[in-house]
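I have placed the structure first, in the form of structure tokens, so that the comments after it can refer back to it.
Each reported figure results from applying straightforward, stated rules to the coordinates on display, with no laboratory input. As the structure is a prediction and not an experimental result, all values here were calculated from the model. Ideal geometry is used to build each Cβ from the backbone, glycine not excepted, and the neighbour counts take in all protein chains shown.
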Amino acid sequence: MAKPRTPNGPSSPEITPRGLDRTGAAAAQGTLARDGIGLGDPTLGDAKLGEDWAEGAVHRGRLRVRTLVTLRWLVVAGELALLLLVMALGFSLPYPLAFALVGAGAWVNLLTGVASPGQRVFGDREAAAQLSLDILLMSALVFLTGGSSNPFILMLIAPVTLAAATLPLRPVLILGAMAGLLSAVMAFAALPLPQAPEMVVAIPLSFRIGAALANIAGIALTAGYVRQAAVESARMALALDVTQAVLAREQRLSALGALAAAAAHELGTPLATIAIVAKEMSREAPTPQVREDAELLTSQAERCREILRRLTETPDAASDEVHERLSLRQLVQEVIEPHAGVKGVRVEAIVTGAKGMKTPDIRRLPEITHAFTSFVENAVDFAASEILLSARFDAETISIEVRDDGPGFAPEVLAKLGEPYVTSRPGAEGSRTGHIGMGLGFFISKTLLERTGALVTFQNGRPHGAVVSARWPRSKIEAVSP
């Protein structure tokens with residue numbers, strides 16, 4: 001029985017001779033590596049790239065010295081203000097020890113700020129050690145002021161939350177366990193809650209245990225929420241970086257035709273001048289050696305002119321206006337051409353429109369070509385025998401659709417299509433292309449199409465198969481007649 005398809009499984013970018021990318025992270029690998037994101041060695045293959053993205057590249061230490069120092073000064077100021085308020089109210093408290101702990105925290109923070117530039121990012125171990133010290137100092141102060149019966153035990157949530165937002169998972173778990181353990185210990189062992197001389201209030205053990213459990217739950221839930229949000233934000237940022245790199249590469253490839261035409265036009269005149277001067281030198285050469293050099297110069301100039309002549313033989317490179325527009329029929333043919341020779345599946349394209357309307361020309365947008373090449377490639381791996389790429393137009397809209405006769409999208413991922421890293425396939429078993437996906441293909445393609453003004457939809461066809469479509473107002477992509 002056929003399994004429902006999972007998008008992006010086979011998608012890893014690869015530039016074809018026509019400049020049509022296949023979606024994934026490798027097309028942007030060089031750019032991201034230069035930016036320090038680190039996708040690993042391209043020779044290690046898609047599996048290694050997926051592992052790097054899922055672990056180290058997605059969430060790494062980002063805690064700056066300035067951030068930690070600023071937050072610590074806020075904590076120190078708050079602790080000092082509370083101690084002075086308690087003292088003014090006449091509550092009993094071991095003030096020398098309490099002020100000593102606040103002073104120790106201020107001294108450590110001053111040393112940290114002086115010893116390191118504010119823009120420096122802590123290493124994971126260093127950041128974990130700094131936050132561990134914060135937890136210990138806060139716990140000691142809470143111990144002196146009532147333990148878990150002191151409502152300010154909630155301060156222990158702050159260091160763990162900061163770790164969850166900026167550090168990898170292991171140090172977050174260690175810091176969370178430390179804060180939770182100290183909270184539990186202070187339910188049973190702590191100095192009494194500060195009280196006025198005329199007040200004697202006994203805090204029941206059950207209340208202290210309940211307060212400790214509530215604090216532990218607060219640490220876990222708050223850190224969990226913050227970590228999930230930070231991880232999703234980091235993954236989205238990485239995926240958008242890939243999208244930007246892929247689009248930039250597509251635009252450079254798309255511009256090569258116009259660049260070749262411009263080069264041929266601009267270089268024609270100087271090459272003709274060189275050829276004329278070289279012929280004059282050959283006729284008036286004083287020695288056979290000079291004549292031989294002049295003839296060589298003439299032949300090489302002619303060779304350059306022949307190369308430029310071949311570059312301008314293609315009609316669609318004759319000028320920028322022509323190169324930057326194509327008909328819908330040309331577009332669908334360019335999209336399916338890289339997959340026309342795949343064994344076991346037939347890829348066809350059709351263009352239909354409203355009666356009596358001429359097929360429109362559209363602007364040559366690399367985003368559209370890239371996205372639908374990716375969709376067709378994904379369909380190739382899951383189709384039973386046929387893929388249909390259809391383009392339709394009317395007076396108001398232009399739409400393009402990819403439909404296959406495969407099992408369709410898996411229900412558990414259909415609702416999340418278009419988000420980054422949506423894939424459940426660990427490998428490419430049984431695929432026709434043999435690529436291993438990281439769940440970036442549909443995200444990149446959808447993002448690129450939406451930038452052109454398209455409304456992109458994913459659904460399962462009836463009775464089976466997958467359908468991916470995009471629809472534009474004609475004004476968004478139609479080429480204006482010169």
Item to check | Sparse-neighbourhood loop sites, trypsin sites (Lys or Arg not before Pro) in the range 320-407 - DSSP loop, at most 15 other Cβ within 10 angstrom | outcome: K343, K355, K358
Item to check | J(HN,Hα) series, the range 327-332, from Karplus relation 6.51 cos²θ - 1.76 cosθ + 1.60, nearest Hz, glycine and proline x | outcome: 7, 4, 5, 4, 4, 5
Checklist outcome for this item: Under 5 Å from the placed amide H of D405, counting only residues 5+ away or on other chains, we find A384, S385, E386
Item to check | Summed side-chain charge close to I477 - residues other than I477 whose Cβ falls under 11 Å, Lys, Arg +1, Asp, Glu -1 | outcome: +3
Next on the checklist: Just to check I understand the Karplus step: with θ = phi - 60° and J = 6.51 cos²θ - 1.76 cosθ + 1.60, what whole-Hz values come out for the range 84-94, glycine and proline as x?
Outcome noted: 5, 5, 4, 5, 5, 7, x, 6, 7, 6, x
Checklist entry - Hey, fewest Cβ within 10 Å first, where do T397, T112 land in order? => result T397, T112
Checklist entry - How long is the range 324-477 along each principal axis, judged by its Cα atoms, biggest number first, in Å? => result 46, 31, 30
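Convert 10 °C to kelvin, take the viscosity as 1.306 mPa s, use the Kirkwood radius over C-alpha pairs of the range 65-237 as Rh, and evaluate the Stokes-Einstein diffusion coefficient in µm²/s, rounded to a whole number.
94 µm²/s
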Checklist outcome for this item: Distance in nm between M357 and R462 label points, each 7 Å along Cα→Cβ, equals 2.5 nm
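Highest first, please rank the peptides 468-479, 288-299 by the mean number of other Cβ atoms sitting within 10 Å of their residues.
Taking the mean over residues of other Cβ atoms within 10 Å, the ranking is 468-479, 288-299.
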